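**Student:** I'd like to ask some things about the structure below.
The values are calculated or read from the model by the stated rules, or taken from the named source; none is laboratory data. Just so you know, these numbers come straight off a predicted model, no measurement behind them. Because the Cβ atoms are built from the backbone with ideal geometry, glycine has one as well, and the counts that use them run over all protein chains shown.
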Amino acid sequence: MKIRAAVIAGIVLTGLVVPADAAEPSRLRQDAAALSAAGVTGVQARADGGRTEVATAGVADRRTGRPVPANGYFRIASTGKTFKAVVVLQLVGEGRLSLEDPVERWLPGAIRGNGNDGRRITVRQLLQHTHGLTDDFPDFATEADFYRHRFDRYSSEDLLKRTLRHPPAFEPGQQWSYSNIGYVLLGMIVERVTGHSWYDELQARVIRPLGLKHTRPDRSPVLPAPHARSYQPFEQGRLIDVTDQILNDLDGSLVSTTEDLNEFFQAVFDGRLLKPAQLTEMTTNLRDLDPEIAQLMPNSQYGLGIFKRPLPCGGEYWGHGGGDGGFITETGVTTDGRRSAAVSMSSVLGREWSDALRQQHLADQLIGDALCNR
C-alpha cells in the first residue's frame, strides 16, 4: 500500500486535543514534523512543565497509515539506564551499597578470565561506563538474521559470558566508553543486595510512588496497545517492520510512554527520588565522551546514568537517549526538574553514520526547543 505523503499531526494542550487546523503550528509540532519530513516513520513528542503539549507526526503503521497514538507504548532501550541508576543510588543513600564497592563483593567470581577482574571494577565505574569491559551483545547483521533470531532469549548471565570471551577494552577508570554490559551487571548487583529483581525494586521505589501507569518490563515480543510499529533498514536499505521481537537485555528492558518518561525525569531532579547527596553524585565528576559519541552529542558529558547536554538558550539539561528494536528515544529535563521533554521515533533513518547524526540532531533540536519553552 502506498503511504500517504501528508503529515498526520495532533497536539494536546493541558489534556485537551486540538485539531491540527485549529491553531498555528507550535514549535513542538514543527520539530516533530521535521523529523517526519526527514524520513522517520512515526514521531510522538511531549513537553511538560507549566503546560503540557503533545505532538505527533507521520504514521504508526506504514501498511495502514493509521495515526501515531499520542501516548503510545515504545521500547525505551538505554533510556532505562537512568531508571537503573536511580535504584542503585537509592541503595547507596540507604547505606546498603557503596559506589566504591568492587563488583567482586556482590558478584564473587563472576568477572574473571581474559584479563577481566571484578576485584578491580567498582560500582561507580559500572554506572559511568569507565569499567573497561567489552560489550558483545547479539545483533542482527541482515534481514535474514532478524527473522531467524528475533525471538532468541538471553539472560544477564548469558550476556556476561559473551563479554568474558574478550579481554578488557582498557584498564578500569582509565577511559570512558559507552557500554551495555555494565548496566546488566548493575541489575545483577541490585538483585544480590536486595534479594529482589531490579524491576521489583524499581516498581517499589519508582513506579508505584510516582504513579507511572505505563512503565513495565519488556519481556514479550508484542508491545502493549496502543503503540506505533517500528522499522529498521537492513542490507538492502528498505525499512523492515521489526516491532515483534525480544530485545537481548531480557532482564533489563522496559517499555514506557512519553508521559511516564517526563514524570520520571522531573522526579529525579525535583527531589522526589534521590537524596541531595545522591543527586550530587549523579551529576558531578562528569566524564567527557569518547570521540564517536561526542560527534552525536557535542559538548556533552556523562555522570552516573545520565548525560549533561547544552541547552540552546543557555545553561544545560540532563537526559538519556535509547535506541533498539527500531525505536529511538530522546529525553531531557531542566536542572530544577520543572520542565521535561521526550520524543519517541519509530524508525531508524538509515544505515550510514550520517543518517544517525541527522536523526540525533533533529531529535536534539526538538528537546532543546521544548525545554527552552520556544
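**Student:** Please specify each residue of the range 118-131 satisfying the condition of being touching a helix residue (DSSP H, G or I) at 6+ places or on another chain (Cβ under 8 Å) and either free of Cβ contacts under 8 Å to residues at least 12 places away in the same chain or not β-branched (Val, Ile, Thr) (or both).
**Tutor:** Those that are touching a helix residue (DSSP H, G or I) at 6+ places or on another chain (Cβ under 8 Å) and either free of Cβ contacts under 8 Å to residues at least 12 places away in the same chain or not β-branched (Val, Ile, Thr) (or both): GLY118, ARG119, GLN125, LEU126, LEU127, HIS129, HIS131.
**Student:** Among the candidates ASP145, ASP135, which residue alone is buried (at least 16 other Cβ atoms within 10 Å of the Cβ) and acidic (Asp, Glu)?
**Tutor:** Exactly one residue qualifies, and that residue is ASP135.
**Student:** Can you pull out the residues in the range 80-120 that are closer than 30 Å to GLY325 by Cβ and among the aliphatic types (A, V, I, L, M)?
**Tutor:** Scanning the range 80-120 gives ALA85, VAL86, VAL87, VAL88, LEU89, LEU91, VAL103, LEU107, ALA110, ILE111.
**Student:** Of all residues in the range 231-250, count the ones that are within 27 Å of GLY173 (Cα to Cα) and surrounded by fewer than 20 Cβ atoms within 10 Å (Cβ to Cβ).
**Tutor:** Residues meeting the conditions: 0.
**Student:** Consider the range 14-55. How many of its residues are at pLDDT 95 or above, farther than 21 Å from THR257 by Cα and assigned to a loop (DSSP other than H, G, I, E, B)?
**Tutor:** Residues flagged as at pLDDT 95 or above, farther than 21 Å from THR257 by Cα and assigned to a loop (DSSP other than H, G, I, E, B) within the range 14-55 amount to 1.
**Student:** Scan the range 35-53 and report the pairs whose first residue is at negative phi and of a type in the set (Asp, Glu) and whose second residue is surrounded by fewer than 19 Cβ atoms within 10 Å (Cβ to Cβ) and modelled with pLDDT under 95, with Cβ atoms within less than 6 Å and a gap of 6+ or a chain change.
**Tutor:** Listed pairs, sorted by first residue: GLU53/LEU13.
**Student:** Condition first: in a strand (DSSP E or B) and within 25 Å of GLN278 (Cβ to Cβ). Now tell me which residues in the range 99-121 satisfy that.
**Tutor:** PRO102, the sole residue that qualifies.
**Student:** Would you list the strands (runs of 3 or more DSSP E) that sit entirely within the range 264-352 and hold 3 or more residues that are hydrophobic (A, V, I, L, M, F, W, C) and buried (at least 24 other Cβ atoms within 10 Å of the Cβ)?
**Tutor:** Fully inside the range 264-352 and qualifying: 327-334, 340-345.
**Student:** Somewhere in the range 156-169, is a residue at pLDDT 95 or above, buried (at least 20 other Cβ atoms within 10 Å of the Cβ), small (Gly, Ala, Ser) and touching a Ser or Thr at 6+ places or on another chain (Cβ under 8 Å)?
**Tutor:** Checked the range 156-169: no residue is at pLDDT 95 or above, buried (at least 20 other Cβ atoms within 10 Å of the Cβ), small (Gly, Ala, Ser) and touching a Ser or Thr at 6+ places or on another chain (Cβ under 8 Å).
**Student:** Looking only at the range 55-79, count how many residues are within 27 Å of HIS320 (Cβ to Cβ) and of a type outside the set (Val, Ile, Thr).
**Tutor:** Number satisfying all stated conditions: 13.
**Student:** Answer with yes or no whether ARG153 is assigned to a helix (DSSP H, G or I), basic (Lys, Arg) and in contact (Cβ under 8 Å) with a residue 60 or more places away in the chain.
**Tutor:** When the stated conditions are applied, ARG153 does not pass them.
**Student:** What number of residues within the range 159-195 are over 17 Å from the mean Cα position of the chain (by Cα) and either among the acidic types (Asp, Glu) or assigned to a loop (DSSP other than H, G, I, E, B) (or both)?
**Tutor:** Qualifying residue count for the region: 15.
**Student:** Which members of the range 230-261 meet the condition of being over 29 Å from SER197 (Cα atoms), at pLDDT 95 or above and assigned to a loop (DSSP other than H, G, I, E, B)?
**Tutor:** Hits for the range 230-261: nothing passes.
**Student:** If the requirement is being in contact (Cβ under 8 Å) with a residue 24 or more places away in the chain, of a type outside the set (Ser, Thr, Tyr), out of contact with any helix residue (DSSP H, G or I) (no Cβ under 8 Å at 6 or more places or on another chain) and over 30 Å from ALA225 (Cβ atoms), which of these qualifies: ARG105, ARG96, ARG75, ARG112?
**Tutor:** The match here is ARG112.
**Student:** Since ARG208 meets every condition but one in (1) charged (D, E, K, R); (2) touching a Ser or Thr at 6+ places or on another chain (Cβ under 7 Å); (3) assigned to a helix (DSSP H, G or I), which condition does it not meet?
**Tutor:** (2)
**Student:** Right, something else. Return the total of residues in the range 56-76 being outside any loop (DSSP other than H, G, I, E, B) and in contact with a Ser or Thr (Cβ under 7 Å, 6 or more places away or on another chain).
**Tutor:** Residues that pass the stated criteria total 5.
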